[in-house]
């Protein structure tokens, strides 16, 4: 019998700490698959964020660094400038990339650093207990918006659209984890974002809408439906640049 | 290279430029900085010369980005450095704590200015506590070196990078606006540059297991073990790396203590007093952490008094008191926020001690 599916080489055999229905596990696996398919495992240097994916290096089987909260793209900038032959990517949540690290994000993008950025948008801070994220939807209840987010607390920040306006940014696509067909599209986008770096194209970002059933207070099934029916209206899928 | 001296003839440089040139010759491969007075000549010098040498210079969007770029650079195993002045160094504390926690070598230059807050751009030594007691969060120390002349600032860079690599730790070079801005002649002699094996560096995992650079350890006991390892390292540094200069201490009844730019003025005062046959000695701590306690602990030394002079309202004086362990009186004179203690003021203070 022929083996047609197995754990990617770039994924360790560790069970993840993620909650049931969380999107991080799938996103980690997609990254590992793409790294395998592009045969770059021995060239990859990943930067893990501060947030739920902080110990991504326990799951990926290639060189990884931690970064202080929000600083992943500053760390990645230096690594790539010194080692252009390596493939350097950051994996960051919405708080990391679009709140505390907005400055590092915008300026790395504006410099056109030849990096791959994987941006997990689950509209909430997961690691710290479900507080408001920059991408939290209006009306969405979180630990720090108990009555639902109002405009004065900030509108959902569309950082991908914002970055797409910068000359240094070459590729931006928003994908989702809410259905198998969408997961396949996400994998294609990730492949593109890594291939761009290998080809020297420049700053490439994939935003992944990812469920957080625990802090959305929904079942995994209802969380997927909420992305499909609500979140996508605020964060439309597809190629942004 | 000719514009930057040939290593034999004397040339004239500012302290900021000498630090930059020293770093380049010590093998600094990566520099990131952000403009702030009075250290701007250092960044500009790096911008001019690093690319010529095939090295990386980045003007970062902030002090935070700069120190985190240095973190990334160091993680790849190259010698990396950033520089700033007091308010900017406060911003860098986050990154310095992470460098210490991840056991990454790096050199951070602080050309101190007046504080607190935005303060002013006059020379100051008011960041001594921040530099020597940790600065950022967590149980860590940076090695802190305080040169007192332009020539010494240049030479210090070789020592700073070597200590950083030897102990896998951040090293701070602490100067003040006076040292950064003043010009002095120096010979750009090549210092020793040792190669350090960096098997922990992130280079891609070809032919080896993946390397992980991290300071997060959630499992019970693991972080405590790391902290104990750090403490062991700090003890070794305290034993082996104390550096100081001393002058005429053997028969001194009063020893003046000062570091950095301040020590220049104090040393002149000591020379003048000796010329007048006063038994005055001089100690200049060069490593501020580890503090040179050995300089203050001499068996059989008869009664002596110390006078500590700083461009602050009394920071290093606390370490002198700890080193002396109440065996001798320790007096203090200092000014900060733009005021520099003068020779006359120091002599006046000495007069009150006799």
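Quick notes
- With the simple spin-label model, which puts each label point 7 Å out from Cα in the Cβ direction, the residue B:183 to residue B:44 separation comes to 1.3 nm.
- With one equal scatterer per alpha carbon and no solvent term, the Debye-computed log10 I(q)/I(0) for region B:126-273 at 0.18 1/Å reads -1.26.
- Distance distribution P(r), region B:245-353, all Cα-Cα pairs, bin width 5 angstrom from 0: 2, 13, 26, 27, 20, 9, 2, 0, 0 percent.
- Largest first and in whole Å, the equivalent-ellipsoid semi-axes of chain B read 34, 24, 18, each the square root of five times a Cα gyration tensor eigenvalue.
- Using every pair of distinct Cα positions in region A:1-113, the Kirkwood expression returns a hydrodynamic radius of 14.8 angstrom.
- With the convex hull constructed from alpha-carbon coordinates only, region A:17-62 shows a mean projected area of 3.2 nm² over all directions.
- The C-alpha atoms of chain B define a longest principal axis, and helix B:150-167 lies at about 50 degrees to it.
- Value of Rg/Rh across the protein assembly as shown [Cα atoms, Kirkwood radius]: 1.05
- Compared with the dominant principal axis of the Cα atoms in chain B, helix B:343-353 is inclined by about 60°.
- Per residue, the convex hull volume that the Cα atoms of region B:75-161 enclose (Å³): 93
- Between 0 and 90°, nearest 10: helix B:40-49 axis offset from chain B longest Cα axis: 40
- For chain A, the share of DSSP beta bridges that are antiparallel, to the nearest 5, is 20%.
- Sorted by Cβ neighbour density within 10 Å, fewest at the top, the residues B:74, B:215: B:215, B:74
- Two-decimal Rg/Rh across region A:89-229, once Rg and the Kirkwood Rh are taken from alpha-carbon atoms: 0.98
- Burial ordering of B:94, B:17, fewest other beta-carbon atoms within 10 Å first: B:94, B:17
- Computed from the C-beta positions of residue B:235 and residue B:325 and an R0 of 22 Å, the FRET efficiency is 0.75 to the nearest 0.05.
- Each DSSP beta bridge with both residues in region B:81-203 is either parallel or antiparallel, and the antiparallel ones are about 10%.
- Label-to-label distance for residue B:129 and residue A:5 is 6.1 nm, based on points extended 7 Å past Cα in the beta-carbon direction.
- Binned Cα-Cα distance frequencies in region B:1-160 - 10 Å width, integer %: 11, 42, 37, 9, 0
- Fraction of C-alpha pairs exceeding 25 angstrom in chain A: 36 percent, rounded to a whole number.
- For chain A, the 222 nm mean residue ellipticity estimated from helices alone, with every DSSP H stretch of n ≥ 4 adding -39500 (n - 2.57) and the total spread over all residues, rounds to -8500 deg cm²/dmol.
- Backbone N atoms of region A:40-68 closer than 18 Å to the 7 Å Cα→Cβ label point of residue B:225 belong to residues A:58.
- Cβ crowding within 10 Å averaged over residues, with B:55-64, B:97-106 ranked highest first: B:97-106, B:55-64
- Note on chain B: helix-only mean residue ellipticity at 222 nm, from DSSP H runs of 4+ residues weighted -39500 (n - 2.57) and normalised by residue number, equals -11500 deg cm²/dmol.
Any read-out appearing in this document is the output of simple, stated calculations on the displayed coordinates, not a laboratory observation. Here the structure is a predicted model, which is why all the values come from computation and not from measurement. When we count neighbours, we look across all protein chains shown, and the Cβ atoms used for this are built from the backbone with ideal geometry, even at glycine.
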